[in-house]
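The values are calculated or read from the model by the stated rules, or taken from the named source; none is laboratory data. In this text the structure is predicted, and so the values were computed from the model without any measurement. So basically every Cβ, Gly included, is an ideal-geometry build from the backbone, and we count neighbours across all protein chains shown.
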Amino acid sequence: MENVRTRSRTWPDAALRDRVAFRGHPMVRALHPTTIEITTEEHLTERGDCIIGVGADKGCAGLTEEVRQALKVDGAMVTIGILVAGRRVEIKCRGDSRLTLSNPREIVVRRSTYVDGRTIAIGADFAALDIPRRVVERLKQDSAEGVFEIEVTQP
């Protein structure tokens, strides 16, 4: 496989990927206008209006090292695919060198450029409020199973 040098790091030709499994919850509202979140926590309150899934099998800190490093490249192109009940919602966003990806419980995608230990990407073209209501209704079911796919390509 041919490699491309990017900021003194070797980047494979193909995109780097990771997947996070999660479940639905009756309190999923998906009403936040600027963020989307999944969490390893099992409980959800009304205040968590950006949370679309609980019981995730990992948080930011649990992502593969290759994906974590790729997300930390300024301008890296990030595609998030949210798969639930045969439907796919896609979010375009970008990486940032300020990302720490240190939170072991949560993963957050943001429209803004704000970064904390839960943030995996910024500049998103999509937030919880934009998720089709048919998908949100499915996410409100305890039995709903979802996959949060992360794909990172070079800038």
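If you take the residues in region 141-155 that are of a type outside the set (Val, Ile, Thr), at pLDDT 95 or above and surrounded by fewer than 18 Cβ atoms within 10 Å (Cβ to Cβ), which one is farthest from Glu65 (Cα to Cα)?
Top of the filtered list is Glu145.
Taking the residues in region 36-47 that are part of a loop (DSSP other than H, G, I, E, B) and farther than 12 Å from Leu139 by Cβ as candidates, determine which candidate is nearest to the chain's Cα centre (by Cα).
Applying the filter and picking the extreme gives Thr40.
Select, from Val108, Val115, Val136, the only residue that is surrounded by 20 or more Cβ atoms within 10 Å (Cβ to Cβ) and out of contact with any Phe, Trp or Tyr (no Cβ under 8 Å at 6 or more places or on another chain).
Answer to the selection: Val108.
Sort out which residues of region 96-131 are of a type in the set (A, V, I, L, M) and either farther than 22 Å from Gly55 by Cβ or free of Cβ contacts under 8 Å to residues at least 12 places away in the same chain (or both), and write them in order of number.
Hits for region 96-131 are Leu99, Val115, Ile122, Ala124, Leu129.
Can you pull out the residues in region 60-89 that are in contact with a strand residue (DSSP E or B) (Cβ under 9 Å, 6 or more places away or on another chain), among the basic types (Lys, Arg) and under 21 Å from Asp125 (Cβ atoms)?
Arg88
Return a yes/no flag: does region 101-115 have any residue that is of a type in the set (Asp, Glu), closer than 21 Å to Arg29 by Cβ and modelled with pLDDT under 95.
Among the residues of region 101-115, not one is of a type in the set (Asp, Glu), closer than 21 Å to Arg29 by Cβ and modelled with pLDDT under 95, which makes the answer no.
With respect to Val89, is the statement that it is under 13 Å from Val20 (Cβ atoms) and in contact (Cβ under 8 Å) with a residue 24 or more places away in the chain true?
Criteria not met by Val89.
Residue-wise test of (1) closer than 22 Å to Val152 by Cβ; (2) aromatic (Phe, Trp, Tyr); (3) at pLDDT below 95.
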position	(1), (2), (3)
Phe22	yes, yes, no
Ala30	no, no, no
Arg47	no, no, yes
Lys58	yes, no, no
Gln69	yes, no, no
Thr79	yes, no, no
Leu83	yes, no, no
Val89	yes, no, no
Ser97	yes, no, no
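May I ask you to list the residues in region 51-82 that are surrounded by fewer than 17 Cβ atoms within 10 Å (Cβ to Cβ) and closer than 17 Å to Arg138 by Cβ?
Residue satisfying the conditions is Gly81 alone.
Working only within region 123-149, note down all residues that are among the charged types (D, E, K, R) and more than 12 Å from the chain's Cα centre (by Cα).
Within region 123-149, Asp125, Asp130, Arg133, Arg134, Glu137, Arg138, Lys140, Asp142, Glu145 qualify.
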